[in-house]
Amino acid sequence: MAYIEPSEFATKMVDAGEQKIYMSTKDTLIRAYMAGAILALAAVFAITVATQTGNALLGALLFPVGFIMLYLMKFDLLTGVFTLVPLAWIDKRPGVTIKEILRNWGLVALGNFGGAFTVAVMMAFIFTYGFNTDGGAIAAKVASIGEARTVGYSAYGLDGWLTVFIRGMLCNWMVSMGVVGAMISTSVSGKWLAMWMPIMLFFYMGFEHSIVNMFLFPFSLIMGGNFTISDYLLWNELPVALGNLVGGLLFVGLAIYYTHVKTGSKRTLDRK
């Protein structure tokens, strides 16, 4: 499958982060919107499969198809840019500033939410036949998930907040392994396999992904979930996004950068 060593693709990670900084506002928003929408469809697909079959593992096995599709189309998730974009600043690429990094993150987050929310409304309409029925078993399942992952955490106070934060860290550790793992191969099949493994793991383990939640919680509220928008933001989206940032950047971006990009540069200088 044309395996590429980390020492070879590590610099590509930095290049990818730099390219995202210089992407136009229009392109950034469109790519982020499509990424959020596709991931939302994959999430409802996996939940539907798990609910109808009673097999959570089967849902986790199938969920990565959405991630693979959006990655191959070069659409952007906030979790991915959390990991890649700061590397361009750390590497002192020209014109890359903290302000530009925050701009990119903000645009991607906005686009991701737009795509995820659009799918949430569309799926709610479909499941309820235009909001004329209760939505059935799948709607009830999603509503219960929304409650468990908001007020369920708040019942434990600070410990609950830290729990969801750590779940966010673990999630983007795995998701970013998928993003970076796709760079280890030049073949589509190799990229697919490298992405599938860590994405399946995070979904089955119930780790928290900020973009999946941008679909899950609006959909849950529409379907009658017993929590508020404030509950969602304070007890889920905020700690999850922060955890996603820390997990992806610390355990994947910086770990690879400092052990491959910097080490590779030092070896080159030593040879000279």
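Select from the range 6-22 the residues that are out of contact with any helix residue (DSSP H, G or I) (no Cβ under 8 Å at 6 or more places or on another chain) and either open to solvent by less than 40 Å² (accessible area, probe 1.4 Å) or not in a helix (DSSP H, G or I) (or both) and list them in ascending order. If the condition is that a residue be out of contact with any helix residue (DSSP H, G or I) (no Cβ under 8 Å at 6 or more places or on another chain) and either open to solvent by less than 40 Å² (accessible area, probe 1.4 Å) or not in a helix (DSSP H, G or I) (or both), then TYR22 is the only one that fits. The residues in the range 235-249 that are in contact (Cβ under 8 Å) with a residue 40 or more places away in the chain and open to solvent by 10 Å² or more (accessible area, probe 1.4 Å) can be counted, and the count is 6.
Going through (1) aliphatic (A, V, I, L, M); (2) touching a residue at least 40 places away in the same chain (Cβ under 8 Å); (3) within 19 Å of ALA10 (Cα to Cα) one by one, ALA255 falls short only on (2).
Does SER210 meet the test of being at pLDDT below 95 and either small (Gly, Ala, Ser) or surrounded by fewer than 21 Cβ atoms within 10 Å (Cβ to Cβ) (or both)? Against the criterion (at pLDDT below 95 and either small (Gly, Ala, Ser) or surrounded by fewer than 21 Cβ atoms within 10 Å (Cβ to Cβ) (or both)), SER210 does not qualify.
Look at (1) farther than 26 Å from VAL261 by Cβ; (2) open to solvent by less than 30 Å² (accessible area, probe 1.4 Å) and you find that ILE30 fails only one, number (2).
Is one or more of the residues making up the range 105-115 over 30 Å from LYS26 (Cα atoms), touching a helix residue (DSSP H, G or I) at 6+ places or on another chain (Cβ under 6 Å) and not β-branched (Val, Ile, Thr)? Looking through the range 105-115, none of the residues is over 30 Å from LYS26 (Cα atoms), touching a helix residue (DSSP H, G or I) at 6+ places or on another chain (Cβ under 6 Å) and not β-branched (Val, Ile, Thr).
Restricting PHE217, PHE207 to those that are among the aromatic types (Phe, Trp, Tyr) and within 22 Å of MET34 (Cα to Cα) reduces the list to PHE217.
The values are calculated or read from the model by the stated rules, or taken from the named source; none is laboratory data. Note that the structure is a prediction, hence the values are computed from the model and not measured. Quick reminder, even Gly has a Cβ in these numbers, built from the backbone with ideal geometry, and neighbours come from all protein chains shown. These accessible areas exclude ligands, DNA and RNA; they are computed on the full protein's heavy atoms, side chains included. Shrake-Rupley method; radii C 1.70, N 1.55, O 1.52, S 1.80 Å.
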